[in-house]
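Trainee: Questions regarding the structure given below will be posed in turn.
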Amino acid sequence: MLCLLLGIHNLADPGGWLADRVGGKRVVGFGAIWWSLLHCSYPLGRGAAGMMAFRFLLGLGEGVNSQGYRALSRAGCGEERTRAVTLYLTGGPLGTIVALPLSTWIIASWGWRAVFYISSRPWVGVGCVLVLATADSAGDTQAHIRRGAELYNRAPISPRPEQKEYRGRD
């Protein structure tokens, strides 16, 4: 666990710097590809030193994952942003709930190495989509935020029709 945390710690700040330069979605996409490829090759590590090295390298891929919050916080405004961050934060616990019984079945059927091979493949695809199919550069994101702020500032300030104006105590 310590090796994983050291990897996460070593790449979290450089990942933020890189996200500012090339865009958060791309950084998270490359992190997903990196994590998936190392997760898939994890069974190749021999002995304690090999496993610790793979855990450290795996942590480097997870270190840029913190930039996912950043990319999602710039994705839109209001409910759209809240929904995206909620789905992002719910993915880990839901993945654990699904993975535990599924991993037990995979280990019983094909052995412990198969869990790593099977579980990492979908994330290579997700990473490729994030890297290739998104046009998220730092300039595009800033322009998107400026347009949203301008629209928000132009909106009239008035109570909604279903809200009653508060007049104090009667």
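The values are calculated or read from the model by the stated rules, or taken from the named source; none is laboratory data. What you see is a predicted model, and the numbers here were worked out from it, not measured in a lab. Glycine gets a Cβ as well: all are built from the backbone with ideal geometry, and neighbour counts include every protein chain shown. Just so you know, the surface numbers come from the protein's heavy atoms only, side chains and all, with ligands and any DNA or RNA stripped out. Shrake-Rupley method; radii C 1.70, N 1.55, O 1.52, S 1.80 Å.
Trainee: Taking Gly139 as the residue in question, decide whether it is assigned to a helix (DSSP H, G or I), open to solvent by 40 Å² or more (accessible area, probe 1.4 Å) and either farther than 27 Å from Leu18 by Cα or at pLDDT below 85 (or both). Lay out the reasoning, then the answer.
Mentor: Working: assigned to a helix (DSSP H, G or I): yes; open to solvent by 40 Å² or more (accessible area, probe 1.4 Å): yes; either farther than 27 Å from Leu18 by Cα or at pLDDT below 85 (or both): yes.
Judged against the criteria, Gly139 is a match.
Trainee: Here is a further query. Go over the candidates Ala155, Ala114, Ala99, Ala133 one by one and state the one that is modelled with pLDDT under 65, of a type outside the set (Phe, Trp, Tyr) and open to solvent by less than 90 Å² (accessible area, probe 1.4 Å).
Mentor: It is Ala155.
Trainee: What number of residues within region 23-57 satisfy the criterion of being in a helix (DSSP H, G or I) and farther than 16 Å from Val129 by Cβ?
Mentor: 18
Trainee: Also, I was wondering about something else. With the requirement that a residue be open to solvent by 30 Å² or more (accessible area, probe 1.4 Å) and of a type in the set (S, T, N, Q), what does region 1-43 give you?
Mentor: Residue satisfying the conditions is Asn10 alone.
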